[in-house]
1. Provide the net charge surrounding Thr87, with neighbours chosen by a C-beta distance below 15 Å and charges set as Lys +1, Arg +1, Asp -1, Glu -1.
2. Net charge around Pro113, counting only other residues with Cβ within less than 12 Å of its Cβ (Lys, Arg = +1; Asp, Glu = -1)?
3. Below 8 Å between Cα atoms, with a sequence gap of 6+, how large is the relative contact order for the stretch 86-152 in percent?
4. Can you tell me the equivalent ellipsoid semi-axes for the stretch 179-260? Use √(5λ) from the Cα gyration tensor, largest first, whole Å.
5. Tally up the carbon and sulfur contribution to the accessible surface of the stretch 150-216 as a whole percent, 1.4 Å probe, everything protein left in place.
6. Roll a 1.4 Å probe over the protein chains and send me the accessible area per residue for the stretch 186-260 in Å².
7. Tell me, rounded to the nearest percent, the portion of alpha carbon pairs in the stretch 81-213 spaced more than 19 Å apart.
Amino acid sequence: MSKLRIPAATGAVLATVVLLSGCSSSGKPTPPVAAPTQSTAPTSAASSSADPSDSASASATGSSAAGGSGAVTNGTALKAMLPTAATLPSGWTLAGDGGEFDTGANIMDPGTPQLPQNGCKGWTNQNANGLSIDYRGAYASLNLNDPNKGNVDVVIAAYHPGDAAKLLAEIRTSADGCKSYQSDTLSGGQTQMTLTDTTVAGLGDENAFLKNVPQGQFVSQENLVVRLGDKVLLLDGSDAAAGQLPDLTSLAQSLVKNIQ
């Protein structure tokens with residue numbers, strides 16, 4: 001069974017707390033904490049749904065070593081592909097001890113895809129773990145801070161043959177149908193969200209760079225999903241910490257070098 005490590009979210013600016021609520025597959029609720037003091041900083045969003053990986057029908061089918069025809073790279077092998085404090089690009093650091101997690105020798109059967117069922121509001125507060133869940137066989141994850149102290153989740157996930165490409169296609173289809181949608185706020189209102197899907201030239205076998213921007217003083221979010229064969233690197237970030245988004249592209253370009 002997959003395990004979700006919950007990163008800290010950021011909170012409201014000044015005295016008014018206005019949060020977005022979503023139905024994302026990203027996981028359990030994240031309480032807001034202190035936000036930047038500058039008046040231009042956006043207000044953060046907090047997810048309110050349960051983690052589908054906690055209740056999905058995907059089950060472990062035993063160990064499968066990396067390599068070999070049809071084999072799924074297990075979590076132990078994926079862990080070795082994660083960056084360390086010594087191999088991170090300049091300015092990047094582990095968030096605390098990094099909160100590393102991996103699924104060990106267990107390989108999960110693909111469960112029922114969750115992303116198509118979530119609707120557009122599932123994109124609110126979506127993160128790397130949430131986007132990796134559908135079809136996932138194994139994964140390893142880590143939490144980083146960018147040079148501006150922004151929080152970034154790193155997930156390296158492995159899939160049964162053909163399923164990684166299926167995941168990218170599913171993500172693109174969902175994003176294409178949610179280019180503009182209304183997201184609920186925890187204060188009872190709504191705000192307009194604009195979701196864009198672009199690509200980064202020359203990164204992996206294929207990739208999707210997704211940016212979700214709300215109207216008003218809310219946090220903008222982004223997810224970068226990079227397929228390398230039957231493995232996928234997923235990164236997420238927001239502009240909550242310093243009023244600017246982390247440079248996920250340069251981080252991904254560094255990390256893919258160690259994914260085999």
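The values are calculated or read from the model by the stated rules, or taken from the named source; none is laboratory data. Predicted model, so just to flag it, every value in this text is computed and none were measured. For neighbour counting, all protein chains shown are included, and Cβ atoms are generated from backbone atoms with ideal geometry for every residue, glycine included. Side chains included, ligands, DNA and RNA excluded: accessible areas come from the protein's heavy atoms. Shrake-Rupley method; radii C 1.70, N 1.55, O 1.52, S 1.80 Å.
1. Working: positive: Lys79, Lys257; negative: Glu100.
Around Thr87, the surrounding residues sum to +1.
2. After counting each charged neighbour, the total is -1.
3. Working: 68 pairs, mean separation 34.2, N = 67.
For the stretch 86-152, the relative contact order is 51 percent.
4. Numbers: eigenvalues 161, 36, 19 Å².
Three semi-axes, in Å: 28, 13, 10.
5. Details: 1380 of 2760 Å².
C and S atoms contribute 50 percent here.
6. Numbers: 3080 Å² over 75 residues.
Normalised by residue count, the accessible surface of the stretch 186-260 is 41 Å².
7. Working: 5209 of 8778 pairs.
That fraction is 59 percent.
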